[in-house]
Amino acid sequence: MPGLFSVKTPSNATPLRVLIAATENGAGGTRRPPSPSPSVSRTKPTKKTPDKSGIDESSLENPDLGPFLLKLARDTIASGDNPNKALDYAIRASKSFERCSGPGLELAMSLHVLAAIYSSLGRFEEAVPVLERSIDVTDDALAKFSGCMQLGDTYSMMGRLDRSIRCYESGLRIQIEALGDSDPRVAETCRYLAEAHVQAMQLDEAENLCKRTLEIHKEHSAPASLEEAADRRLMALVCEAKGDYESALEHLVLSSMSMIANGQENEVAAIDVSIGNIYLSLGRFDEAIFAYQKALTVFKSTKGESHPSVALVFIRLADLYHKTGKLRESKSYCENALRIYAKPVPGTTSEEIASGLTEVSAIYESLDEIEEALRLLEKAVKLLEDTPGNRSTIAGIEAQMGVMFYMVGRYGDARISFENAVAKLRASGESKSAFFGIVLNQMGLASVQLYRIDEAMELFEEARKILEQECGPCHLETLGVYSNLAATYDAIGRVEDAIEILEYILKMREEKLGTANPDVDDEKKRLAELLKEAGRTRNRKGKSLEKLLDARSAKKESAKRWSTFGFRT
(Lines give C-alpha, C1' and ligand atoms only; values in the text may rest on other atoms or scores of the structure.)
Protein backbone atom coordinates (compact mmCIF):
# COMPACT_ATOMS: atom_id res chain seq x y z
CA MET A 1 0.00 0.00 0.00
CA PRO A 2 1.27 3.68 -0.80
CA GLY A 3 3.34 5.07 2.08
CA LEU A 4 1.70 8.60 2.25
CA PHE A 5 1.09 8.00 6.05
CA SER A 6 3.36 7.84 9.02
CA VAL A 7 1.69 4.80 10.59
CA LYS A 8 3.69 1.60 10.12
CA THR A 9 2.21 -1.76 11.00
CA PRO A 10 3.89 -2.96 13.06
CA SER A 11 6.38 -0.25 13.82
CA ASN A 12 9.33 -2.65 14.08
CA ALA A 13 8.54 -4.72 10.99
CA THR A 14 11.37 -5.43 8.57
CA PRO A 15 10.56 -4.45 4.98
CA LEU A 16 10.59 -7.47 2.68
CA ARG A 17 11.36 -6.78 -0.93
CA VAL A 18 10.67 -10.36 -1.98
CA LEU A 19 7.80 -12.29 -0.47
CA ILE A 20 8.46 -16.01 -0.18
CA ALA A 21 5.54 -18.36 0.31
CA ALA A 22 3.88 -17.68 3.65
CA THR A 23 2.65 -21.21 4.25
CA GLU A 24 5.47 -21.94 6.66
CA ASN A 25 4.29 -19.30 9.12
CA GLY A 26 0.58 -19.78 8.74
CA ALA A 27 -2.09 -17.40 7.61
CA GLY A 28 -1.00 -14.66 9.92
CA GLY A 29 2.75 -15.11 9.59
CA THR A 30 5.31 -12.34 9.74
CA ARG A 31 3.65 -9.06 8.86
CA ARG A 32 4.80 -7.18 5.84
CA PRO A 33 4.80 -3.39 5.88
CA PRO A 34 2.34 -1.60 3.60
CA SER A 35 3.59 -1.99 0.06
CA PRO A 36 4.59 -0.38 -2.10
CA SER A 37 6.13 2.04 0.40
CA PRO A 38 8.16 5.12 -0.46
CA SER A 39 10.78 3.83 1.97
CA VAL A 40 11.33 0.63 0.00
CA SER A 41 13.30 1.01 -3.19
CA ARG A 42 12.18 -0.77 -6.31
CA THR A 43 14.36 -2.78 -8.61
CA LYS A 44 14.16 -1.38 -12.10
CA PRO A 45 12.50 -3.61 -14.70
CA THR A 46 15.04 -5.75 -16.50
CA LYS A 47 15.00 -7.47 -19.81
CA LYS A 48 13.12 -10.75 -19.84
CA THR A 49 15.19 -13.82 -19.17
CA PRO A 50 14.97 -16.53 -21.79
CA ASP A 51 13.16 -19.61 -20.53
CA LYS A 52 15.89 -22.15 -19.93
CA SER A 53 13.49 -24.81 -18.75
CA GLY A 54 13.88 -26.53 -22.09
CA ILE A 55 17.26 -27.84 -20.90
CA ASP A 56 16.94 -31.53 -20.06
CA GLU A 57 13.14 -31.55 -19.94
CA SER A 58 13.05 -35.24 -18.95
CA SER A 59 14.81 -34.48 -15.67
CA LEU A 60 11.85 -32.33 -14.58
CA GLU A 61 9.91 -35.52 -13.98
CA ASN A 62 12.24 -36.43 -11.11
CA PRO A 63 10.16 -35.88 -7.92
CA ASP A 64 13.27 -34.75 -6.02
CA LEU A 65 14.12 -32.04 -8.54
CA GLY A 66 11.29 -29.62 -7.67
CA PRO A 67 12.19 -29.20 -3.99
CA PHE A 68 15.87 -28.96 -4.90
CA LEU A 69 15.31 -26.23 -7.51
CA LEU A 70 12.97 -24.35 -5.16
CA LYS A 71 15.65 -24.37 -2.48
CA LEU A 72 18.20 -23.13 -5.01
CA ALA A 73 15.83 -20.30 -6.00
CA ARG A 74 15.36 -19.26 -2.36
CA ASP A 75 19.08 -19.45 -1.61
CA THR A 76 19.89 -17.37 -4.68
CA ILE A 77 17.36 -14.73 -3.64
CA ALA A 78 18.77 -14.65 -0.12
CA SER A 79 22.33 -14.22 -1.40
CA GLY A 80 21.29 -11.47 -3.80
CA ASP A 81 23.69 -12.84 -6.41
CA ASN A 82 21.69 -13.26 -9.59
CA PRO A 83 17.92 -12.73 -9.66
CA ASN A 84 17.74 -13.98 -13.24
CA LYS A 85 19.28 -17.29 -12.18
CA ALA A 86 16.80 -17.48 -9.30
CA LEU A 87 14.00 -16.87 -11.81
CA ASP A 88 15.23 -19.77 -13.95
CA TYR A 89 15.34 -22.08 -10.93
CA ALA A 90 11.83 -21.06 -9.87
CA ILE A 91 10.36 -21.58 -13.36
CA ARG A 92 11.87 -25.06 -13.59
CA ALA A 93 10.79 -25.89 -10.03
CA SER A 94 7.17 -25.00 -10.73
CA LYS A 95 7.23 -27.08 -13.94
CA SER A 96 8.71 -30.02 -12.05
CA PHE A 97 6.05 -29.82 -9.32
CA GLU A 98 3.33 -29.62 -11.95
CA ARG A 99 4.59 -32.72 -13.74
CA CYS A 100 5.31 -34.80 -10.67
CA SER A 101 2.61 -33.92 -8.16
CA GLY A 102 0.14 -31.81 -10.16
CA PRO A 103 -2.03 -29.13 -8.52
CA GLY A 104 -1.47 -28.81 -4.79
CA LEU A 105 0.37 -27.06 -2.01
CA GLU A 106 3.88 -27.62 -3.38
CA LEU A 107 3.01 -26.14 -6.76
CA ALA A 108 1.33 -23.16 -5.07
CA MET A 109 4.43 -22.50 -2.96
CA SER A 110 6.71 -22.62 -5.99
CA LEU A 111 4.41 -20.19 -7.84
CA HIS A 112 4.56 -17.80 -4.86
CA VAL A 113 8.36 -17.80 -5.10
CA LEU A 114 8.24 -17.36 -8.88
CA ALA A 115 5.87 -14.39 -8.60
CA ALA A 116 8.02 -12.81 -5.91
CA ILE A 117 11.06 -12.97 -8.19
CA TYR A 118 9.11 -11.45 -11.08
CA SER A 119 8.08 -8.60 -8.75
CA SER A 120 11.65 -8.06 -7.55
CA LEU A 121 12.65 -7.63 -11.19
CA GLY A 122 9.86 -5.09 -11.73
CA ARG A 123 7.93 -7.50 -13.98
CA PHE A 124 4.62 -7.12 -12.15
CA GLU A 125 2.42 -7.91 -15.14
CA GLU A 126 3.99 -11.38 -15.31
CA ALA A 127 3.67 -11.90 -11.56
CA VAL A 128 -0.12 -11.37 -11.60
CA PRO A 129 -1.17 -14.46 -13.64
CA VAL A 130 1.30 -16.60 -11.71
CA LEU A 131 -0.31 -15.59 -8.41
CA GLU A 132 -3.83 -15.99 -9.77
CA ARG A 133 -2.90 -19.54 -10.77
CA SER A 134 -1.34 -20.23 -7.36
CA ILE A 135 -4.72 -19.50 -5.76
CA ASP A 136 -6.51 -21.87 -8.14
CA VAL A 137 -4.16 -24.88 -7.90
CA THR A 138 -4.57 -25.57 -4.18
CA ASP A 139 -7.36 -26.11 -1.68
CA ASP A 140 -5.06 -25.29 1.26
CA ALA A 141 -6.59 -22.26 2.99
CA LEU A 142 -3.30 -20.84 4.22
CA ALA A 143 -1.73 -21.10 0.76
CA LYS A 144 -4.76 -19.40 -0.80
CA PHE A 145 -4.54 -16.66 1.84
CA SER A 146 -0.86 -16.13 1.09
CA GLY A 147 -1.57 -15.97 -2.64
CA CYS A 148 -4.35 -13.41 -2.22
CA MET A 149 -2.24 -11.15 -0.01
CA GLN A 150 0.78 -11.40 -2.31
CA LEU A 151 -1.43 -10.64 -5.29
CA GLY A 152 -2.80 -7.61 -3.41
CA ASP A 153 0.74 -6.40 -2.76
CA THR A 154 1.60 -6.83 -6.44
CA TYR A 155 -1.42 -4.82 -7.58
CA SER A 156 -0.46 -2.18 -5.03
CA MET A 157 3.03 -1.95 -6.50
CA MET A 158 1.39 -1.51 -9.90
CA GLY A 159 -0.62 1.40 -8.49
CA ARG A 160 -3.93 -0.51 -8.75
CA LEU A 161 -5.21 0.12 -5.26
CA ASP A 162 -8.78 -0.86 -6.11
CA ARG A 163 -7.76 -4.37 -7.18
CA SER A 164 -5.32 -4.56 -4.31
CA ILE A 165 -8.11 -3.98 -1.79
CA ARG A 166 -10.29 -6.66 -3.41
CA CYS A 167 -7.45 -9.19 -3.07
CA TYR A 168 -6.88 -8.29 0.59
CA GLU A 169 -10.60 -8.67 1.24
CA SER A 170 -10.57 -12.13 -0.36
CA GLY A 171 -7.57 -13.08 1.77
CA LEU A 172 -9.30 -11.87 4.93
CA ARG A 173 -12.40 -13.94 4.16
CA ILE A 174 -10.29 -17.07 3.63
CA GLN A 175 -8.35 -16.42 6.84
CA ILE A 176 -11.51 -15.93 8.91
CA GLU A 177 -12.96 -19.19 7.57
CA ALA A 178 -9.77 -21.02 8.56
CA LEU A 179 -8.97 -19.37 11.90
CA GLY A 180 -12.18 -17.78 13.14
CA ASP A 181 -12.95 -14.07 13.38
CA SER A 182 -11.19 -13.36 16.69
CA ASP A 183 -7.74 -14.80 15.99
CA PRO A 184 -4.87 -12.29 16.54
CA ARG A 185 -3.63 -13.03 13.01
CA VAL A 186 -7.00 -11.90 11.68
CA ALA A 187 -6.44 -8.60 13.50
CA GLU A 188 -3.15 -8.11 11.67
CA THR A 189 -4.85 -8.65 8.31
CA CYS A 190 -7.69 -6.28 9.29
CA ARG A 191 -5.17 -3.57 10.07
CA TYR A 192 -3.35 -4.24 6.80
CA LEU A 193 -6.62 -3.89 4.90
CA ALA A 194 -7.53 -0.78 6.91
CA GLU A 195 -4.29 0.87 5.78
CA ALA A 196 -5.23 0.18 2.16
CA HIS A 197 -8.67 1.73 2.70
CA VAL A 198 -7.01 4.82 4.21
CA GLN A 199 -4.85 5.17 1.10
CA ALA A 200 -8.02 5.04 -1.00
CA MET A 201 -9.68 7.58 1.35
CA GLN A 202 -12.38 5.00 2.16
CA LEU A 203 -12.43 6.16 5.75
CA ASP A 204 -15.62 4.51 7.00
CA GLU A 205 -14.36 1.08 5.92
CA ALA A 206 -10.98 1.80 7.51
CA GLU A 207 -12.58 2.91 10.79
CA ASN A 208 -14.70 -0.26 11.04
CA LEU A 209 -11.65 -2.46 10.48
CA CYS A 210 -9.64 -0.50 13.07
CA LYS A 211 -12.39 -1.00 15.65
CA ARG A 212 -12.43 -4.71 14.90
CA THR A 213 -8.65 -4.90 15.24
CA LEU A 214 -8.72 -3.10 18.59
CA GLU A 215 -11.37 -5.47 19.92
CA ILE A 216 -9.34 -8.55 18.96
CA HIS A 217 -6.12 -7.19 20.46
CA LYS A 218 -7.86 -6.18 23.68
CA GLU A 219 -9.06 -9.78 23.97
CA HIS A 220 -5.71 -11.45 23.26
CA SER A 221 -2.98 -8.94 24.16
CA ALA A 222 -1.78 -7.48 27.43
CA PRO A 223 -2.88 -3.94 28.31
CA ALA A 224 -0.83 -1.19 26.66
CA SER A 225 0.62 -3.64 24.11
CA LEU A 226 2.56 -2.57 21.02
CA GLU A 227 -0.19 -4.05 18.88
CA GLU A 228 -2.82 -1.86 20.51
CA ALA A 229 -0.53 1.16 20.15
CA ALA A 230 -0.23 0.55 16.40
CA ASP A 231 -4.01 0.12 16.12
CA ARG A 232 -4.63 3.41 17.87
CA ARG A 233 -2.15 5.29 15.68
CA LEU A 234 -3.98 4.12 12.60
CA MET A 235 -7.35 4.92 14.17
CA ALA A 236 -6.04 8.41 14.99
CA LEU A 237 -5.08 8.85 11.36
CA VAL A 238 -8.60 7.90 10.26
CA CYS A 239 -10.20 10.24 12.82
CA GLU A 240 -7.94 13.10 11.75
CA ALA A 241 -8.84 12.56 8.10
CA LYS A 242 -12.53 12.66 9.03
CA GLY A 243 -12.03 15.91 10.99
CA ASP A 244 -12.65 14.30 14.41
CA TYR A 245 -9.56 15.82 16.02
CA GLU A 246 -10.53 15.23 19.65
CA SER A 247 -10.92 11.49 19.08
CA ALA A 248 -7.66 11.42 17.13
CA LEU A 249 -5.89 13.13 20.02
CA GLU A 250 -7.29 10.63 22.51
CA HIS A 251 -6.04 7.66 20.47
CA LEU A 252 -2.60 9.24 20.03
CA VAL A 253 -2.19 9.91 23.76
CA LEU A 254 -3.11 6.31 24.59
CA SER A 255 -0.74 5.04 21.91
CA SER A 256 2.06 7.21 23.28
CA MET A 257 1.53 5.83 26.77
CA SER A 258 1.82 2.28 25.41
CA MET A 259 5.02 3.13 23.57
CA ILE A 260 6.50 4.75 26.68
CA ALA A 261 5.66 1.64 28.70
CA ASN A 262 7.50 -0.46 26.11
CA GLY A 263 10.55 1.82 25.93
CA GLN A 264 10.00 2.86 22.30
CA GLU A 265 11.61 6.31 22.46
CA ASN A 266 11.67 7.05 18.72
CA GLU A 267 8.10 5.88 18.28
CA VAL A 268 7.02 8.18 21.12
CA ALA A 269 8.71 11.06 19.29
CA ALA A 270 6.91 10.17 16.05
CA ILE A 271 3.60 10.16 17.92
CA ASP A 272 4.50 13.55 19.43
CA VAL A 273 4.73 14.90 15.88
CA SER A 274 1.24 13.54 15.16
CA ILE A 275 -0.04 15.05 18.41
CA GLY A 276 1.47 18.38 17.37
CA ASN A 277 -0.39 18.12 14.06
CA ILE A 278 -3.69 17.65 15.89
CA TYR A 279 -3.04 20.58 18.21
CA LEU A 280 -2.19 22.67 15.13
CA SER A 281 -5.51 21.71 13.50
CA LEU A 282 -7.31 22.67 16.72
CA GLY A 283 -5.55 26.04 16.87
CA ARG A 284 -3.79 25.13 20.14
CA PHE A 285 -0.48 26.50 18.93
CA ASP A 286 1.50 26.58 22.19
CA GLU A 287 0.75 22.92 22.85
CA ALA A 288 1.66 22.09 19.24
CA ILE A 289 5.05 23.83 19.61
CA PHE A 290 5.73 21.91 22.83
CA ALA A 291 4.93 18.56 21.14
CA TYR A 292 7.10 19.37 18.11
CA GLN A 293 10.03 20.52 20.25
CA LYS A 294 9.84 17.33 22.31
CA ALA A 295 10.03 15.24 19.16
CA LEU A 296 12.82 17.40 17.73
CA THR A 297 14.98 16.91 20.83
CA VAL A 298 14.61 13.12 20.67
CA PHE A 299 15.25 12.87 16.92
CA LYS A 300 18.38 15.04 17.12
CA SER A 301 19.82 12.98 19.98
CA THR A 302 18.96 9.53 18.58
CA LYS A 303 19.17 10.02 14.80
CA GLY A 304 21.41 13.03 14.31
CA GLU A 305 20.75 16.63 13.33
CA SER A 306 20.71 15.88 9.59
CA HIS A 307 18.17 13.07 9.65
CA PRO A 308 14.97 13.37 7.54
CA SER A 309 12.91 13.04 10.74
CA VAL A 310 14.47 16.29 11.96
CA ALA A 311 13.67 17.96 8.63
CA LEU A 312 10.07 16.80 8.95
CA VAL A 313 9.69 18.50 12.34
CA PHE A 314 11.25 21.67 10.90
CA ILE A 315 8.55 21.64 8.21
CA ARG A 316 5.81 21.21 10.82
CA LEU A 317 7.18 24.16 12.79
CA ALA A 318 7.43 26.22 9.58
CA ASP A 319 3.76 25.51 8.87
CA LEU A 320 2.79 26.43 12.43
CA TYR A 321 4.65 29.74 12.40
CA HIS A 322 3.18 30.59 9.01
CA LYS A 323 -0.32 30.05 10.38
CA THR A 324 0.44 32.25 13.37
CA GLY A 325 1.75 35.04 11.15
CA LYS A 326 5.44 34.66 12.09
CA LEU A 327 6.63 34.51 8.49
CA ARG A 328 10.34 35.06 9.17
CA GLU A 329 10.49 32.10 11.56
CA SER A 330 8.45 30.04 9.10
CA LYS A 331 10.85 30.66 6.23
CA SER A 332 13.86 30.01 8.49
CA TYR A 333 12.56 26.54 9.38
CA CYS A 334 11.88 25.85 5.68
CA GLU A 335 15.48 26.73 4.87
CA ASN A 336 16.73 24.45 7.68
CA ALA A 337 14.73 21.56 6.22
CA LEU A 338 15.98 22.25 2.69
CA ARG A 339 19.60 22.20 3.91
CA ILE A 340 19.04 18.68 5.26
CA TYR A 341 17.46 17.51 1.99
CA ALA A 342 20.31 19.09 -0.01
CA LYS A 343 22.84 16.85 1.78
CA PRO A 344 20.87 13.76 2.82
CA VAL A 345 22.43 11.27 5.20
CA PRO A 346 23.09 7.73 3.91
CA GLY A 347 19.91 5.68 3.89
CA THR A 348 17.62 8.58 3.01
CA THR A 349 15.36 7.57 0.13
CA SER A 350 14.48 9.77 -2.81
CA GLU A 351 10.82 9.35 -1.84
CA GLU A 352 11.47 10.88 1.60
CA ILE A 353 13.22 13.86 0.02
CA ALA A 354 10.50 14.33 -2.59
CA SER A 355 7.82 14.23 0.11
CA GLY A 356 9.64 16.85 2.16
CA LEU A 357 10.18 19.12 -0.85
CA THR A 358 6.46 18.91 -1.64
CA GLU A 359 5.55 20.02 1.87
CA VAL A 360 8.04 22.92 1.84
CA SER A 361 6.67 23.91 -1.56
CA ALA A 362 3.17 24.23 -0.07
CA ILE A 363 4.49 26.66 2.54
CA TYR A 364 6.31 28.75 -0.09
CA GLU A 365 3.09 28.81 -2.09
CA SER A 366 1.30 30.21 0.98
CA LEU A 367 4.04 32.84 1.21
CA ASP A 368 3.26 33.82 -2.42
CA GLU A 369 6.70 32.66 -3.57
CA ILE A 370 5.18 30.69 -6.43
CA GLU A 371 8.31 30.35 -8.57
CA GLU A 372 10.29 28.85 -5.69
CA ALA A 373 7.39 26.54 -4.89
CA LEU A 374 7.29 25.36 -8.51
CA ARG A 375 11.04 24.80 -8.54
CA LEU A 376 10.78 22.52 -5.50
CA LEU A 377 7.91 20.54 -7.04
CA GLU A 378 9.82 20.07 -10.29
CA LYS A 379 12.77 18.78 -8.29
CA ALA A 380 10.48 16.40 -6.38
CA VAL A 381 9.10 14.94 -9.63
CA LYS A 382 12.63 14.35 -10.94
CA LEU A 383 13.55 12.47 -7.76
CA LEU A 384 10.67 10.03 -8.11
CA GLU A 385 11.04 7.18 -10.58
CA ASP A 386 8.09 6.91 -12.96
CA THR A 387 7.14 3.43 -11.76
CA PRO A 388 3.56 2.19 -11.33
CA GLY A 389 3.81 2.49 -7.56
CA ASN A 390 4.82 6.15 -7.77
CA ARG A 391 2.27 7.27 -10.36
CA SER A 392 -0.33 8.48 -7.87
CA THR A 393 2.26 10.49 -5.95
CA ILE A 394 3.66 12.07 -9.11
CA ALA A 395 0.12 12.80 -10.31
CA GLY A 396 -0.60 14.66 -7.07
CA ILE A 397 2.54 16.76 -7.46
CA GLU A 398 1.77 17.53 -11.12
CA ALA A 399 -1.76 18.55 -10.20
CA GLN A 400 -0.39 20.89 -7.53
CA MET A 401 1.96 22.36 -10.14
CA GLY A 402 -1.05 22.85 -12.39
CA VAL A 403 -2.80 24.89 -9.70
CA MET A 404 0.27 27.10 -9.27
CA PHE A 405 0.64 27.63 -13.02
CA TYR A 406 -3.04 28.62 -13.10
CA MET A 407 -2.52 31.09 -10.25
CA VAL A 408 0.25 32.94 -12.14
CA GLY A 409 -1.67 32.92 -15.44
CA ARG A 410 0.37 30.23 -17.21
CA TYR A 411 -2.76 28.42 -18.40
CA GLY A 412 -1.06 26.36 -21.10
CA ASP A 413 1.44 24.95 -18.60
CA ALA A 414 -1.40 24.41 -16.13
CA ARG A 415 -3.39 22.38 -18.65
CA ILE A 416 -0.36 20.23 -19.53
CA SER A 417 0.30 19.51 -15.84
CA PHE A 418 -3.34 18.58 -15.22
CA GLU A 419 -3.39 16.43 -18.35
CA ASN A 420 -0.31 14.52 -17.17
CA ALA A 421 -1.87 14.04 -13.74
CA VAL A 422 -5.14 12.79 -15.24
CA ALA A 423 -3.31 10.26 -17.42
CA LYS A 424 -1.38 8.87 -14.45
CA LEU A 425 -4.48 8.66 -12.26
CA ARG A 426 -6.36 6.80 -15.00
CA ALA A 427 -3.46 4.37 -15.40
CA SER A 428 -3.41 3.83 -11.63
CA GLY A 429 -7.08 2.87 -11.52
CA GLU A 430 -8.07 6.00 -9.58
CA SER A 431 -10.43 7.41 -12.20
CA LYS A 432 -13.42 7.09 -9.87
CA SER A 433 -11.99 8.90 -6.84
CA ALA A 434 -13.08 12.33 -5.60
CA PHE A 435 -9.52 13.56 -6.06
CA PHE A 436 -9.69 12.62 -9.74
CA GLY A 437 -12.91 14.60 -10.06
CA ILE A 438 -11.21 17.66 -8.58
CA VAL A 439 -8.31 17.34 -11.03
CA LEU A 440 -10.75 17.16 -13.94
CA ASN A 441 -12.52 20.29 -12.68
CA GLN A 442 -9.25 22.22 -12.47
CA MET A 443 -8.20 21.03 -15.93
CA GLY A 444 -11.57 22.24 -17.21
CA LEU A 445 -10.89 25.69 -15.77
CA ALA A 446 -7.52 25.81 -17.54
CA SER A 447 -9.22 24.78 -20.79
CA VAL A 448 -11.73 27.63 -20.37
CA GLN A 449 -8.90 30.12 -20.11
CA LEU A 450 -7.48 28.70 -23.36
CA TYR A 451 -10.94 29.02 -25.01
CA ARG A 452 -11.31 25.26 -25.38
CA ILE A 453 -14.93 25.39 -24.31
CA ASP A 454 -16.05 22.02 -25.69
CA GLU A 455 -13.14 20.30 -23.98
CA ALA A 456 -13.90 22.11 -20.72
CA MET A 457 -17.54 21.02 -20.91
CA GLU A 458 -16.54 17.36 -21.28
CA LEU A 459 -14.16 17.63 -18.33
CA PHE A 460 -16.77 19.31 -16.12
CA GLU A 461 -19.36 16.69 -17.04
CA GLU A 462 -17.01 13.82 -16.15
CA ALA A 463 -16.04 15.58 -12.92
CA ARG A 464 -19.72 16.05 -12.06
CA LYS A 465 -20.50 12.34 -12.44
CA ILE A 466 -17.56 11.34 -10.24
CA LEU A 467 -18.22 13.88 -7.50
CA GLU A 468 -21.94 13.10 -7.43
CA GLN A 469 -20.99 9.47 -6.83
CA GLU A 470 -18.19 10.07 -4.33
CA CYS A 471 -19.31 13.22 -2.48
CA GLY A 472 -23.02 13.51 -3.22
CA PRO A 473 -24.93 16.16 -5.21
CA CYS A 474 -25.11 18.58 -2.25
CA HIS A 475 -21.39 18.66 -1.47
CA LEU A 476 -19.67 22.02 -1.96
CA GLU A 477 -17.12 20.48 -4.36
CA THR A 478 -19.95 19.10 -6.50
CA LEU A 479 -21.80 22.42 -6.42
CA GLY A 480 -18.64 24.18 -7.61
CA VAL A 481 -18.46 21.86 -10.64
CA TYR A 482 -22.18 22.44 -11.30
CA SER A 483 -21.48 26.15 -11.38
CA ASN A 484 -18.64 25.78 -13.88
CA LEU A 485 -20.75 23.45 -16.00
CA ALA A 486 -23.59 25.97 -16.07
CA ALA A 487 -21.15 28.59 -17.35
CA THR A 488 -19.97 26.38 -20.20
CA TYR A 489 -23.55 25.44 -21.11
CA ASP A 490 -24.39 29.12 -21.31
CA ALA A 491 -21.32 29.78 -23.46
CA ILE A 492 -22.34 27.20 -26.06
CA GLY A 493 -25.98 28.28 -26.10
CA ARG A 494 -27.56 25.65 -23.85
CA VAL A 495 -29.24 28.36 -21.81
CA GLU A 496 -32.08 26.25 -20.42
CA ASP A 497 -29.62 23.66 -19.09
CA ALA A 498 -27.55 26.43 -17.50
CA ILE A 499 -30.61 27.95 -15.84
CA GLU A 500 -31.74 24.58 -14.50
CA ILE A 501 -28.34 23.95 -12.93
CA LEU A 502 -28.12 27.43 -11.40
CA GLU A 503 -31.58 27.09 -9.89
CA TYR A 504 -30.51 23.82 -8.27
CA ILE A 505 -27.28 25.39 -6.97
CA LEU A 506 -29.20 28.32 -5.50
CA LYS A 507 -31.64 25.99 -3.77
CA MET A 508 -28.82 23.92 -2.25
CA ARG A 509 -26.86 26.95 -1.09
CA GLU A 510 -29.95 28.48 0.52
CA GLU A 511 -30.57 25.23 2.42
CA LYS A 512 -26.96 24.90 3.54
CA LEU A 513 -25.93 28.52 4.08
CA GLY A 514 -29.17 30.44 4.62
CA THR A 515 -30.69 33.13 2.44
CA ALA A 516 -28.62 35.95 3.94
CA ASN A 517 -25.24 34.40 3.08
CA PRO A 518 -23.13 36.44 0.57
CA ASP A 519 -22.56 33.31 -1.55
CA VAL A 520 -26.31 32.83 -1.88
CA ASP A 521 -26.70 36.45 -2.89
CA ASP A 522 -24.05 35.99 -5.59
CA GLU A 523 -25.87 32.96 -6.96
CA LYS A 524 -29.13 34.92 -7.10
CA LYS A 525 -27.48 37.68 -9.11
CA ARG A 526 -25.90 35.18 -11.50
CA LEU A 527 -29.22 33.43 -12.07
CA ALA A 528 -31.10 36.71 -12.50
CA GLU A 529 -28.62 37.88 -15.13
CA LEU A 530 -28.84 34.61 -17.02
CA LEU A 531 -32.64 34.67 -16.97
CA LYS A 532 -32.57 38.21 -18.26
CA GLU A 533 -30.22 37.28 -21.09
CA ALA A 534 -32.31 34.24 -21.96
CA GLY A 535 -35.16 36.55 -22.93
CA ARG A 536 -33.07 38.22 -25.63
CA THR A 537 -32.82 37.15 -29.24
CA ARG A 538 -29.43 35.35 -29.28
CA ASN A 539 -27.56 38.39 -28.10
CA ARG A 540 -24.73 36.28 -26.79
CA LYS A 541 -21.75 38.04 -25.25
CA GLY A 542 -18.38 36.59 -24.36
CA LYS A 543 -18.65 38.11 -20.92
CA SER A 544 -20.96 35.33 -19.69
CA LEU A 545 -18.08 33.01 -18.95
CA GLU A 546 -16.25 35.64 -16.94
CA LYS A 547 -19.36 36.43 -14.93
CA LEU A 548 -20.67 32.90 -14.44
CA LEU A 549 -17.53 30.95 -13.63
CA ASP A 550 -17.55 30.12 -9.95
CA ALA A 551 -15.13 32.44 -8.19
CA ARG A 552 -14.35 29.72 -5.68
CA SER A 553 -12.89 27.58 -8.45
CA ALA A 554 -10.52 30.21 -9.77
CA LYS A 555 -7.04 31.32 -8.90
CA LYS A 556 -6.20 31.62 -5.21
CA GLU A 557 -9.29 29.89 -3.92
CA SER A 558 -8.41 26.90 -6.07
CA ALA A 559 -5.29 26.47 -3.99
CA LYS A 560 -7.42 26.19 -0.85
CA ARG A 561 -9.55 23.54 -2.47
CA TRP A 562 -6.51 21.51 -3.47
CA SER A 563 -4.97 21.63 -0.01
CA THR A 564 -8.03 19.95 1.51
CA PHE A 565 -7.44 16.93 -0.70
CA GLY A 566 -4.10 15.97 0.76
CA PHE A 567 -1.30 17.28 -1.41
CA ARG A 568 0.69 17.39 1.78
CA THR A 569 2.03 13.91 1.97
Check: Cα-based Rg (one decimal) and Dmax (whole number) for segment 75-138, in Å?
Finding: 11.3, 32
Next item on the list: Mind putting a number on the dipole of segment 264-369 about its Cα centre? Charges go on the C-beta only, +1 for Lys and Arg and -1 for Asp and Glu, and I need it in Debye to the nearest 20.
Entry: 260
Item checked: Over segment 347-414, equivalent-ellipsoid semi-axes from the Cα gyration tensor in Å -> 21, 14, 8
Next item on the list: Subtracting the Cα-Cα distance from 0.36 nm times the residue separation, let me have the gained length for S247 to R452 in nm, one decimal.
Entry: 69.1 nm
Checklist line | Value of D in µm² per second that Stokes-Einstein yields for segment 368-476, Kirkwood Rh from Cα pairs, at 37 °C (0.692 mPa s) | finding: 232
Next item on the list: Check the straight Cα-Cα distances from K95 and name the aspartates and glutamates below 15 Å, setting aside those fewer than 8 residues away within the same chain.
Entry: D51, D56, E57, E61, D64, E106
Checklist line | segment 342-353 - phi-based ³J(HN,Hα) in whole Hz, Karplus 6.51/-1.76/1.60, Gly and Pro as x | finding: 5, 10, x, 6, x, x, 6, 8, 5, 5, 4, 5
Item checked: Karplus (6.51, -1.76, 1.60) ³J(HN,Hα), θ = phi - 60°, over segment 105-120, in Hz, Gly and Pro reported as x -> 5, 5, 5, 4, 5, 5, 5, 4, 5, 4, 5, 5, 5, 4, 5, 5
Item checked: Spin-label pair V345/E496, simplified geometry with 7 Å Cα→Cβ offset, distance in nm -> 6.9
Next item on the list: With θ set to phi - 60°, apply the Karplus curve 6.51 cos²θ - 1.76 cosθ + 1.60 along segment 469-480 and write out the HN-Hα couplings as whole Hz, x wherever there is a Gly or Pro.
Entry: 6, 8, 10, x, x, 9, 5, 4, 4, 5, 4, x
Next item on the list: Could you list, in their original order, any pairs among K382/K432; K211/K242; K303/K323; K382/K424; K303/K379 whose Cα atoms are separated by more than 19 Å?
Entry: K382/K432; K303/K323; K303/K379
Check: Which whole-number value in Å² is the accessible area per residue of segment 264-369, probe 1.4 Å?
Finding: 43
Check: Taking Cα centroids, how far is segment 217-249 from segment 363-437 in Å?
Finding: 32
Next item on the list: Report the net charge of residues surrounding L203, where surrounding means a beta-carbon distance below 11 angstrom and charges are Lys +1, Arg +1, Asp -1, Glu -1.
Entry: -4
Margin query: I'd like the carbon and sulfur percentage of the solvent accessible area for segment 350-453, probe radius 1.4 Å, heavy atoms only, ligands and nucleic acids excluded.
Written below: 48
Check: Hey, what's the Kirkwood Rh for segment 136-196 if you take every pair of different alpha carbons, in angstrom?
Finding: 11.5
Margin query: Return the Rg/Rh ratio of segment 93-236 with Cα-based radii and a Kirkwood Rh.
Written below: 1.03
Check: Which FRET efficiency, nearest 0.05, do S281 and A528 yield, Cβ-Cβ r, R0 30 Å?
Finding: 0.15
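The values are calculated or read from the model by the stated rules, or taken from the named source; none is laboratory data. Owing to the predicted nature of the structure, the values given are computational and were not obtained by experimental measurement. Positions of Cβ are generated from backbone atoms using ideal geometry, with glycine treated the same way; all protein chains shown enter the neighbour counts. These accessible areas exclude ligands, DNA and RNA; they are computed on the full protein's heavy atoms, side chains included. Shrake-Rupley method; radii C 1.70, N 1.55, O 1.52, S 1.80 Å.
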